[in-house]
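Here's the structure we're looking at; comments come further down.
What follows draws every value from the coordinates through simple rules; no lab data is involved. Treat the numbers as computed from the prediction; the structure is a model and nothing was measured. Methodologically, a virtual Cβ is constructed for each residue, glycine included, from the backbone with ideal geometry; neighbour enumeration extends over all protein chains shown.
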Amino acid sequence: MMSQNSLITILDDNRQIRELIASALEAEGFQTKSFETGAEFERSLRTLNPDVCIIDLGLPDREGLSLVNSVSRSSNAAVLIISGRSNTQDKIAGLELGADDYITKPFEVIEVVARVKVLLRRSKQSLGSDTEKFFQFSGWTADLDQHLLISPAKETVRLSFAEAQVLRIFLNSPNRLITRDRILEQLDDDQTENFDRAIDVRVSRLRSKLQDDPNNPKIIKTIYGAGYIFIADLANKGL
């Protein structure tokens, strides 16, 4: 089962919330590790390799969004934000900095467990034996297992968990229209009401990392009212 070896870290300064989430996840067979401060959490990442990081934005010693960005840049873990900040701009900021999902407090703990399972299911599907690991296109090389891009100039660029998932969808269907609904379906995301702009944000971040001019994109083209087309001739797929 996917839960048996999955490690979930929980960062929240509220002990009751940490214990509530940990208890619910452990009841489902997950391993958990909880932290009260951002400093403790950052130190733990030197030795831990979590599958999902649950991060509260309102911390006593760190800005939660900066930790989200740090995890997305340095780890392959998926990031689930839990926060009392309910405005759209905070949600978009979290996504732009690399979060994969966002839950607003107060929440039902069963929702947290469900979201964690979705993130792990996406990861398991992307690492399946029947999927390609390497792709070469337009001078770029993508290693999707490691969430890495290598540029034509041989510079390494790290992708967040969410960016790697969206890029895989594009790479598996190059030069074809891909609708937003299809992307959401392949991401197995049934919480789309909370992320109306999630796909747009992730595509924007991908464009930036691929050095694709957003005003005149050559690789990821937006077809307004329909979706996106990933323009690329793939070479040495699955190298």
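Report, in degrees rounded to the nearest 10, the 0 to 90 angle that the Cα long axis of helix 198-209 makes with the longest principal axis of the chain.
It works out to around 60 degrees.
To the nearest 10 degrees, how steep is helix 64-74 against the longest Cα principal axis of the chain, on a 0 to 90 scale?
The answer is roughly 50 degrees.
Which entries of Lys91/Lys133; Lys154/Lys218; Lys117/Lys154; Lys133/Lys218; Lys133/Lys209 show an alpha-carbon separation above 25 angstrom in the structure shown?
Among Lys91/Lys133; Lys154/Lys218; Lys117/Lys154; Lys133/Lys218; Lys133/Lys209, the Cα-Cα distance tops 25 Å for Lys91/Lys133; Lys117/Lys154.
With a ≥ b ≥ c the root eigenvalues of the C-alpha gyration tensor of the chain, is it rounded (a/c under 1.5), prolate (a/b larger than b/c) or oblate?
In terms of gyration-tensor shape, prolate.
Using the 10 angstrom Cβ neighbour count as an exposure proxy, how do Leu210, Leu11 rank, fewest first?
Ascending number of Cβ neighbours within 10 Å: Leu210, Leu11.
Rounded to the nearest 5, what % of DSSP beta bridges with both residues in the range 7-126 are antiparallel?
5 percent
Sorting Glu36, Glu163 on the 10 Å Cβ count, fewest up front, what's the list?
Ranking Glu36, Glu163 by Cβ neighbours within 10 Å, fewest first, gives Glu36, Glu163.
Provide the packing ranking of 104-110, 60-66, 227-233, i.e. peptides ordered by the mean count of other C-beta atoms within 10 Å per residue, highest first.
Peptide ranking by packing, descending: 227-233, 60-66, 104-110.
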